[in-house]
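Novice: Structure below; questions to follow.
The values are calculated or read from the model by the stated rules, or taken from the named source; none is laboratory data. Values in this document were obtained by computation on a predicted structure and should not be read as measured data. Glycine gets a Cβ as well: all are built from the backbone with ideal geometry, and neighbour counts include every protein chain shown.
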Amino acid sequence: MNLFSKVSLYGICISLAVALSSCGAENQGPQTVEMVEPVDMVYPQLDTENSRWFFFSSASRPFGMVNLSPDTEVDGAWGSGYRYKVDTVQGFSHIHAWQLSGLSVMPVTIDDTNRKEIFTDFRSKFDHDKEKVSPGYHYLELEKYNINVELSSTTRVGLHKYAFPKKGKRPAVLFNLNGMLGPNKNTDGRLEIVGNGSLIGELLITETSRRPKPVKLFFAIDFNSGIDSIERDETTGNYLVFLKDGVDEVLMKAGISYTSVANAKANIDAELPHWDFYKVVQDSRKEWNGLLARIEVEGSTETARKRFYTDLWHGLQGRRIISDVNGAYPDNTGEEFRVGQLPLDDRGKPQFNHYNSDSFWGAQWTINTLWGLVYPEIMEEFVHSLLQYYKDGGMVPRGPSGGNYTYVMTGASSTPFVVSAIQKGLITEDLEGIYQALKKNHMLGGIMGKAGYEHHTTIGGGLKYYLENGYVPHPIPEGRFGGHQDGASMTMEYAYQDWTLAQLAKKLGYLEDYSYFMKRSDNYKNVFDASVGWMRPKDVSGKWRENYDPYEHENGFIESNGAQSTWFVPHDQEGLAALMGGKEAAAKKLNMQFEQAEKLGFTAGSSHSQELHPEYRNIPINYGNQPSIQTAFVFNKLDRPDLTQYWSRKVAQTVFGGLSPATGYNGDEDQGLMGSLAVLMKIGLFQMNGGTEENPKYEFGSPSFDKVVINLTNGNKLTINAKGASSGKVYVNGIQLNGEEYNAYSVSHDLLEKGAVLDFNMVGHRPELD
């Protein structure tokens, strides 16, 4: 079945509550259109039973500073935010970001029965059957107060619409500016009236173990009706804003900023100068649809297509803008906080946005490829943001939050991301300066020397041992200085990242550096124990870890085990195969791991925490976390493309095939990484080394759809025809490129950029291998 079908626009509006103007009071009746748009296929509640603070998104724009949605749990970074099985709303907060939260509000009604307890007893039940959610919009009903809530937003401004009961109780809005909210506490909240329908305020987003400095949030609030009074509770420090009696429908704008109240107000003035709620919903829908429609799919089931666009939607969110519309941003990288200013273009507009972001750990197999091909402007902007941190704080981050470094995870995970953008021609200026910035992270004193969340030292990363001995020992002799001090994993990660930096050195003609980093990229061989056939930790004296079990979780391997991490050699799978006795032996070994992993569904459980469960931690391949998500495509490097096709399709169907609140990513969806991976597996394109070599190559898998069309930003199209794929044909038995026979299982970036038609001859049986 084709994605496109004739439907009623009015029907779409009713079923999805996409509040276009034709769905509101000015509805002119049903109108016929020719297709269900990609935005209509997104299912935001996917996997929300296992949600974490930044996972769920509803009334938000792509990468929006505002991430407005209901919160049913607020106590912690994990298991918080919008959790589907919790039926009580605790507020609607505007920031759901990596280590950031803020500005939680709750519309209420007040009478004599609840007046005294409202600051502590304000939560309300709601019913999913009456709830409507789509990208850029959220509707639910607060049963306790009989209030209908609608939410939408621009990039930096939340827009609320409250329908209060018409009689009997006073309408009000509770501003919970102090207390636990997701990953951190909000404190020092204050709110004041500055006009008939306007408020301003601020609060402190307190530090966490991951984000070591607090950051202030400023906000400006405008109502389309007057404010009667404002009251502060002495015990909680929170505020109750009474609206005028008799008001039954209220709109509220909430502009935010990390730099000043003035900029919060400026964000409102620039992005939301009107009060047309449904126009905002429509504009949000249009923005989301413009991005999602860059990939068109045909064939398979309606559920499969919905899941595909939900995955794609996840690949375009999670990481959040922190700069204002005028380019002001919070810089917390120095000893004292300062307000930074992004460079402006000839029109006085910021040349790029600045971002809050979780780690790029695993990005080499996910957003590197998806963004680099389909959303190059996003990849380019993120590179500029990462380099702005370098200009401010002297280091390219691997996961910044609140305008500062968090040192989340390990290594120099931003290096492959930046190098990939350069190799794809997205970044062309000041390459020498960028190279020096990246190189700094790979040397003593740089970010490689820092273990996870190691804020004040550079010992836990074991970089000095890596440079002197060719591997990171496990344990680090000096002790623990941060998280994830797992020497075998670190060795392999550094080796790969060194290889990617070497490619940039070669491009720029730094041949001595190229040789140096290429030599370092072989260090992965120093933690391969040929006597057992696995990567294996060893201590500082060179002694292998005793009583070693490759299936023991985090036994020298970060969020994984030795069986999973043995294959983490993105830059040299042929060299790894040689250590294992050749490609045939390596393929047999990996195939056996997949056969065992299939029995557990290819994941370590339904959530990230399951990796520590004895039943799940022994899985040999885990597609619920980043360290082994490349393994299905390793077979291409072992001259067994048939096994890449078979297992990548199996994983896509098993791990990334569900469409319910109970499942979805079966582990840890780190800000679009797993969503992006699912998209790539389903369109049959992958980059083992993260697209970091000269003229990067895309390796072929097994497309899940009969036809995929990628609308490139240069106006060209990449079409992948795989007739029969959606009816169970897994294997590729012959390829044509632009109508000519093509005898490779990869294609270069420059060929795809020009526009191309790939025809895969799909068959249901395993083809004979040459």
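Novice: Inside segment 446-468, can you point out the residues that are of a type in the set (A, V, I, L, M) and part of a loop (DSSP other than H, G, I, E, B)?
Specialist: Ala451, Ile459
Novice: Which ones in segment 49-103 are small (Gly, Ala, Ser), at pLDDT 95 or above, surrounded by 24 or more Cβ atoms within 10 Å (Cβ to Cβ) and over 20 Å from Gly315 (Cα atoms)?
Specialist: Matches in segment 49-103: Ser93, Ser101, Gly102.
Novice: Can you pull out every residue in segment 237-249 that is of a type in the set (A, V, I, L, M) and buried (at least 21 other Cβ atoms within 10 Å of the Cβ)?
Specialist: Listed by number, the residues that qualify are Leu240, Val241, Leu243.
Novice: Restricting to segment 38-56, name every residue that is hydroxyl-bearing (Ser, Thr, Tyr) and farther than 21 Å from Ala304 by Cβ.
Specialist: Ser51 - this is the single residue of segment 38-56 that is hydroxyl-bearing (Ser, Thr, Tyr) and farther than 21 Å from Ala304 by Cβ.
Novice: Do we find a residue being among the basic types (Lys, Arg), in contact (Cβ under 8 Å) with a residue 60 or more places away in the chain and outside any strand (DSSP E or B) anywhere in segment 56-67?
Specialist: yes
Residue by residue, here is whether (1) free of Cβ contacts under 8 Å to residues at least 12 places away in the same chain; (2) part of a loop (DSSP other than H, G, I, E, B); (3) surrounded by fewer than 22 Cβ atoms within 10 Å (Cβ to Cβ); (4) in contact with a helix residue (DSSP H, G or I) (Cβ under 8 Å, 6 or more places away or on another chain) holds:
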site	(1), (2), (3), (4)
Asn263	no, no, no, no
Pro273	yes, yes, yes, no
Glu287	no, no, yes, no
Gly318	no, yes, no, no
Gly334	no, yes, yes, yes
Asp346	yes, yes, yes, no
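Novice: Please tell me if Asn547 is of a type in the set (S, T, N, Q) and touching a helix residue (DSSP H, G or I) at 6+ places or on another chain (Cβ under 6 Å).
Specialist: It is false that Asn547 is of a type in the set (S, T, N, Q) and touching a helix residue (DSSP H, G or I) at 6+ places or on another chain (Cβ under 6 Å).
Novice: For the structure I just gave you, tell me whether Gly226 is in contact with a Gly (Cβ under 8 Å, 6 or more places away or on another chain) and at pLDDT below 95.
Specialist: Answer is yes for this residue.
Novice: Quick check on segment 508-515. Is at least one of its residues outside any loop (DSSP other than H, G, I, E, B), of a type in the set (Ser, Thr, Tyr) and crowded, with 24+ Cβ neighbours inside 10 Å?
Specialist: Among the residues of segment 508-515, not one is outside any loop (DSSP other than H, G, I, E, B), of a type in the set (Ser, Thr, Tyr) and crowded, with 24+ Cβ neighbours inside 10 Å, which makes the answer no.
Novice: Residues of segment 261-276 being among the charged types (D, E, K, R) and within 16 Å of Ile200 (Cβ to Cβ), which ones?
Specialist: Lys265, Asp269
Novice: Out of everything in segment 191-213 that is in a strand (DSSP E or B) and out of contact with any Leu (no Cβ under 7 Å at 6 or more places or on another chain), what residue ends up being farthest from Pro273 (Cα to Cα)?
Specialist: Per the criteria, the residue is Leu204.
Novice: Also: With the checklist (1) within 25 Å of the chain's Cα centre (by Cα); (2) over 30 Å from Ala502 (Cα atoms) in hand, flag the one item Lys588 doesn't pass.
Specialist: It is condition (1) that Lys588 fails.
Novice: Which ones in segment 603-655 are surrounded by 24 or more Cβ atoms within 10 Å (Cβ to Cβ), modelled with pLDDT of 95 or more, touching a Lys or Arg at 6+ places or on another chain (Cβ under 7 Å) and outside any helix (DSSP H, G or I)?
Specialist: If the condition is that a residue be surrounded by 24 or more Cβ atoms within 10 Å (Cβ to Cβ), modelled with pLDDT of 95 or more, touching a Lys or Arg at 6+ places or on another chain (Cβ under 7 Å) and outside any helix (DSSP H, G or I), then Leu638 is the only one that fits.
Novice: Given the criteria under 21 Å from Tyr510 (Cβ atoms) and either crowded, with 19+ Cβ neighbours inside 10 Å or in contact with an Asp or Glu (Cβ under 6 Å, 6 or more places away or on another chain) (or both), does Ile434 qualify?
Specialist: Yes; evaluated as a whole, the condition is true for this residue.
Novice: Report yes if Asp121 is assigned to a helix (DSSP H, G or I), at negative phi, surrounded by fewer than 24 Cβ atoms within 10 Å (Cβ to Cβ) and over 25 Å from the mean Cα position of the chain (by Cα), otherwise no.
Specialist: Answer is no for this residue.
Novice: Would you mind telling me which numbered condition in (1) more than 25 Å from the chain's Cα centre (by Cα); (2) not in a loop (DSSP other than H, G, I, E, B) Glu234 fails?
Specialist: If we test Glu234 against (1) more than 25 Å from the chain's Cα centre (by Cα); (2) not in a loop (DSSP other than H, G, I, E, B), just (2) comes out false.
Novice: Answer yes or no: is there a residue in segment 304-315 that is outside the structural domain of Ile205 (by TED's automatic domain parsing) and in a loop (DSSP other than H, G, I, E, B).
Specialist: Yes, segment 304-315 contains at least one residue that is outside the structural domain of Ile205 (by TED's automatic domain parsing) and in a loop (DSSP other than H, G, I, E, B).
Novice: To continue, here is another question. On the basis of being in contact with a Ser or Thr (Cβ under 7 Å, 6 or more places away or on another chain) and not in a loop (DSSP other than H, G, I, E, B), does Val747 make the cut?
Specialist: no
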